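In what follows, a single structure is set out as structure tokens and then discussed.
Nothing in this text is a laboratory measurement; each read-out follows from the coordinates by a stated rule. Owing to the predicted nature of the structure, the values given are computational and were not obtained by experimental measurement. Cβ: placed from backbone, ideal geometry, glycine included. Neighbour counts: every protein chain shown.
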Amino acid sequence: MKRKCEDLHPAQWGRNPRNGTGWIAPEMIRIENLTKNYKSVQALKGISLHVAEGELFAYLGPNGSGKTTTIRVLTGLAAPTSGNATLHGFHILRDTLKAKRQCGLVPQAINLDQELTVRENLEIHGRLFQMPRSERKSRIEELLDYIGMKDRKDSPVKHLSGGMRRRVMIARALMHSPRILFLDEPTVGLDPTIRRKIWSLIKRIQQSGATIFLTTHYIEEAEFLAERVAFLDEGRIVAVDSPQALMARLGTWALDEMVDDNMETRYFQSRGEANAYIARQQGSFSLRRVNLEDVFLSLTGKKVLP
């Protein structure tokens, strides 16, 4: 008998791109009891999670929680201390080269060659992955059109805006047609308008079939983009679920109240319940919708933002 999506752990859920219904998707990322030590610091403390094919998965936590370390281990930039991980079935240690070919990486820092043109940066990446000349040429043209920068292909990177450089980094990561795209703070430092353009590009990449693993400090970014999120705190995963399910655990409305120079937040299922509470109290209140940062604060007592 065919299993229904509801019968499975959320890590095994996927999307049917034709009608949006649930289906059983193969795993693209599997992490089991992964640890990473740096001398006396244990950056990852036995994390385990699965990401399905075609899923956009957000990985959230404060600075120093282990987000970037996780990506470095998965993409082969750092060796795990213990545990296992596979990318599209290839073990990151036993099948290192095959695992690396499954993924593209957009790091936090802009690491393009500033003196080279946009096209030349993409060309070098294609050569590193041993793409044939004709394939490199057609892929570069395809990606330049995809990110809306055909008219800037011969511009040196140093003359581009921050948003343009981010788009070029995403195009470079897609050059060898990876199955998995790791985005480590892809919109950090960008203004809201440019950030939204990057969001649209990320959604288009997912719709093309790629699996996306995203880290971000922007809570609204995770709420808008991700189908599931994991909260990481001091090297441990403290919660994994859809944004909607995580927020529903607290309520629908959040009421911020100043108490003895400190901000306290109460949660309510309905606006009516919140207004009834306000009517019985004296003080200064701010009523808003529950967000993912409320969830993280309730779990750890810490803010996601640095």
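Between the amide H of L44 and those of K36, distances stay under 5 Å, these residues lying 5 or more places away or on another chain, with hydrogens modeled in the peptide plane. Listed values for the range 248-261 are Karplus-derived 3J(HN,Hα) couplings in whole Hz (6.51 cos²θ - 1.76 cosθ + 1.60, θ = phi - 60°), namely 5, 4, 8, x, 10, 10, 10, 10, 8, 9, 7, 10, 6, 6, and x replaces Gly and Pro. In order along the range 171-188, phi translates into HN-Hα couplings of 4, 4, 5, 8, 3, 8, 6, x, 7, 10, 10, 9, 10, 9, 6, x, 10, 4 Hz, rounded to whole numbers, per the Karplus curve 6.51 cos²θ - 1.76 cosθ + 1.60 with θ = phi - 60° and x for Gly and Pro.
About its Cα centre, the dipole of the range 10-242 is roughly 540 debye, where the only charges are +1 on Lys and Arg Cβ and -1 on Asp and Glu Cβ. Sequentially through the range 102-109, phi angles give Karplus couplings (6.51, -1.76, 1.60; θ = phi - 60°) of 7, 10, x, 10, 10, x, 4, 7 Hz, Gly and Pro residues having no value and appearing as x.
Applying 1/(1 + (r/R0)^6) with R0 = 41 Å to the Cβ-Cβ distance of R289 and E234 gives a FRET efficiency near 0.90. Residue pairs exceeding 32 angstrom between C-alpha atoms, taken from K36/K150; K39/K158; K137/K203: K36/K150; K39/K158. Using C-alpha pairs below 8 Å separated by at least 6 residues, the relative contact order for the chain is 20 percent.
Given the choices (1) 0.94; (2) 0.97; (3) 1.01, Rg/Rh (Cα atoms, Kirkwood Rh) derived from the coordinates of this structure is entry (3).
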